[in-house]
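Here's the structure we're looking at; comments come further down.
The values are calculated or read from the model by the stated rules, or taken from the named source; none is laboratory data. Everything quoted here is computed from the prediction, not taken from an experiment. Neighbour counts run over all protein chains shown; Cβ positions are idealised from the backbone, glycine included.
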Amino acid sequence: MIVAIDGPAAAGKGTLARRIAEALGYHHLDTGLLYRAVGVLTVQRGQTPQESAKSLTPEDLKRSDLRGEAAGQAASKVAAIPEVRAALLDFQRRFARLSPGAVLDGRDIGTVICPDADVKLFVTASVEKRAERRVKELLAKGESVIAERVLQDLKDRDARDSARDVAPMASASDAILLDTSDLDADAAFEAALAIVRRKM
C-alpha cells in the first residue's frame, strides 16, 4: 500500500503523513528531507549538488539542521536540478515498496515518484495561512522571524516549485484535494485518514 501526499510548503502534509503512517503502522518518508540534506551538504562540503545527492546516506537524514529556513531554501534550489532528482528517484521508489506500506510526502510523489500510488492526496492551504503557521513554528523554536519575509519566502518557493522544468509541483489528476486552511491539525488528520481508509 502506497500513500502519496503532495502539496506546497507549510500546508501540513509532513505532519499528516507522519500521523497517518503511525496510525496504520506504515513506513514514512519526508522526501523534502532528501533535498534539504542535499542542499545543506552541498553548502557545507563544497561539492556539487549532484555529488551530494549520489553520496546521500540514511544517516544524513537525521541531521539536526535540516528543518530550518536556510535548509528549506537550499532544498528548493537543488530540487530544480534534473540530475539531483534522478539520483534520488530510486531511493524513494525503493522506500515506497516497503512492507506493509509506506506514506511519502513531497511535491511530486503522486505525479512522478509513485504515479501508481494506491492513495493520492494533495494537501494545500492559502499562502497567508501557511505563512502564519510557519511563523508560529519558527517562534516556537526560539528563532527570530519577520512575518512579511516568511510570507514572501513561501510565495517565492511556490513559484520556484511550480515552475521548474523537471517534476514541477502539481496535483495528480487522480489526487484528492484536501484544503487545510480552516482545519486544525487534528481535523486535517481525521479527514485524511478517512480518505485513506476508504481506499483501503
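Is it the case that some residue within the stretch 119-137 is without any contact (Cβ under 8 Å) to a residue 40 or more places away in the chain, of a type in the set (Val, Ile, Thr), assigned to a helix (DSSP H, G or I) and out of contact with any Leu (no Cβ under 6 Å at 6 or more places or on another chain)? The answer is yes; a qualifying residue exists. Looking for something touching a helix residue (DSSP H, G or I) at 6+ places or on another chain (Cβ under 9 Å) and buried (at least 23 other Cβ atoms within 10 Å of the Cβ) - is there at least one such residue anywhere in the stretch 85-95? No; the residues of the stretch 85-95 include none that is touching a helix residue (DSSP H, G or I) at 6+ places or on another chain (Cβ under 9 Å) and buried (at least 23 other Cβ atoms within 10 Å of the Cβ).
Candidates Ala37, Ala53: the one that is assigned to a helix (DSSP H, G or I), touching a residue at least 12 places away in the same chain (Cβ under 8 Å) and under 24 Å from Arg133 (Cα atoms) is Ala37.
If we keep just the residues of the stretch 160-200 that are among the basic types (Lys, Arg) and crowded, with 16+ Cβ neighbours inside 10 Å, which is modelled with the highest pLDDT? Talk me through it step by step, then tell me what you get.
Initially, the stretch 160-200 is screened for residues among the basic types (Lys, Arg), giving 160, 164, 197-199.
Those left that are additionally crowded, with 16+ Cβ neighbours inside 10 Å: 160, 164.
Numbers: Arg160: 88, Arg164: 83.
That would be Arg160.
Quick check on Glu22: is it touching a strand residue (DSSP E or B) at 6+ places or on another chain (Cβ under 9 Å), surrounded by fewer than 23 Cβ atoms within 10 Å (Cβ to Cβ), among the acidic types (Asp, Glu) and farther than 17 Å from Gly106 by Cβ? Criteria met by Glu22. Arg157 meets the conditions (1) crowded, with 17+ Cβ neighbours inside 10 Å; (2) closer than 27 Å to Gly25 by Cα; (3) touching a residue at least 60 places away in the same chain (Cβ under 8 Å) in every case but one. The failed one is (2).
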